[in-house]
1. Under 8 Å between Cβ atoms, at least 6 apart or on separate chains: pull out the pairs that start in the range 118-136 with a residue that is assigned to a loop (DSSP other than H, G, I, E, B) and end on any residue that is modelled with pLDDT of 95 or more and among the β-branched types (Val, Ile, Thr).
2. If you scan the range 122-148, which residues turn out to be surrounded by 12 or more Cβ atoms within 10 Å (Cβ to Cβ) and either of a type in the set (Asp, Glu) or more than 30 Å from residue 14 (Cα to Cα) (or both)?
3. Which one is farthest from residue 62 (Cα to Cα) among residues in the range 85-106 that are part of a strand (DSSP E or B) and among the acidic types (Asp, Glu)?
4. From the list 151, 88, which residue is surrounded by 19 or more Cβ atoms within 10 Å (Cβ to Cβ) and in contact with a strand residue (DSSP E or B) (Cβ under 7 Å, 6 or more places away or on another chain)?
5. Go through (1) over 14 Å from residue 8 (Cβ atoms); (2) touching a residue at least 12 places away in the same chain (Cβ under 8 Å); (3) of a type in the set (Asp, Glu) and name the single condition residue 91 misses.
Amino acid sequence: MNSDFTDLLKILSKGKVDFVIVGGYAGIVYGSTVVTEDIDICCDFSVENLLRLQKALAKVHPVHRMTPKKIKLNLTKENCGQFKNLYLDTDIGQLDCLNSISGVGDFKQVKKASVPIEVEGTKLRVLNIDALIESKKAMKRNSDMQAITQLEAMQKMKSKTRK
């Protein structure tokens, strides 16, 4: 696993940010070999959680990736409600913070469809493999097809070992 991504996840966990790993990195957790250039998380977009996220990321200098001037992340109680998603660049990697996942639902549904994992001594949550496959199918992107094929094969292997 990419150590910078692991560091980002540890920072969020240590900062008590309520989130679930989704997307390509979640696929890697299950054994997918599809390379990802960022970490995708689905998180609680409450004011309190977003302010925890900002505080946790402060030392890695988050900026809005989708803005021409790479505007510094500056969340306040007043402006948190304006955001549906946050696409951030940090000193140690890209982080996409999403408030919902296609094919799964909002954060509460995503959290319900997640399972606990441990990465280098840090307890995290990752979208379960069934929900991850559904989310990738719902996106209908060519880039997800290889991951879907790999995840479905792993899902079959896992169900055979249970029998």
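1. 128/115
2. Pass one, the range 122-148, residues surrounded by 12 or more Cβ atoms within 10 Å (Cβ to Cβ): 122, 124-139, 144-148.
Residues satisfying the conditions are 130, 134, 137, 138, 139, 144, 145, 146, 148.
3. If we take residues in the range 85-106 being part of a strand (DSSP E or B) and among the acidic types (Asp, Glu), then 106 is farthest from residue 62 (Cα to Cα).
4. 88
5. Against the list (1) over 14 Å from residue 8 (Cβ atoms); (2) touching a residue at least 12 places away in the same chain (Cβ under 8 Å); (3) of a type in the set (Asp, Glu), residue 91 comes up short only on (1).
Residue by residue, here is whether (1) surrounded by fewer than 21 Cβ atoms within 10 Å (Cβ to Cβ); (2) over 15 Å from residue 114 (Cβ atoms); (3) among the hydroxyl-bearing types (Ser, Thr, Tyr) holds:
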{"site": "22", "(1), (2), (3)": "no, no, no"}
{"site": "25", "(1), (2), (3)": "no, no, yes"}
{"site": "31", "(1), (2), (3)": "yes, yes, no"}
{"site": "38", "(1), (2), (3)": "yes, yes, no"}
{"site": "52", "(1), (2), (3)": "yes, yes, no"}
{"site": "55", "(1), (2), (3)": "yes, yes, no"}
{"site": "61", "(1), (2), (3)": "yes, yes, no"}
{"site": "66", "(1), (2), (3)": "yes, yes, no"}
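The values are calculated or read from the model by the stated rules, or taken from the named source; none is laboratory data. Just so you know, these numbers come straight off a predicted model, no measurement behind them. Every residue, glycine among them, receives a Cβ derived from its backbone with ideal geometry; neighbour counts consider all protein chains shown.
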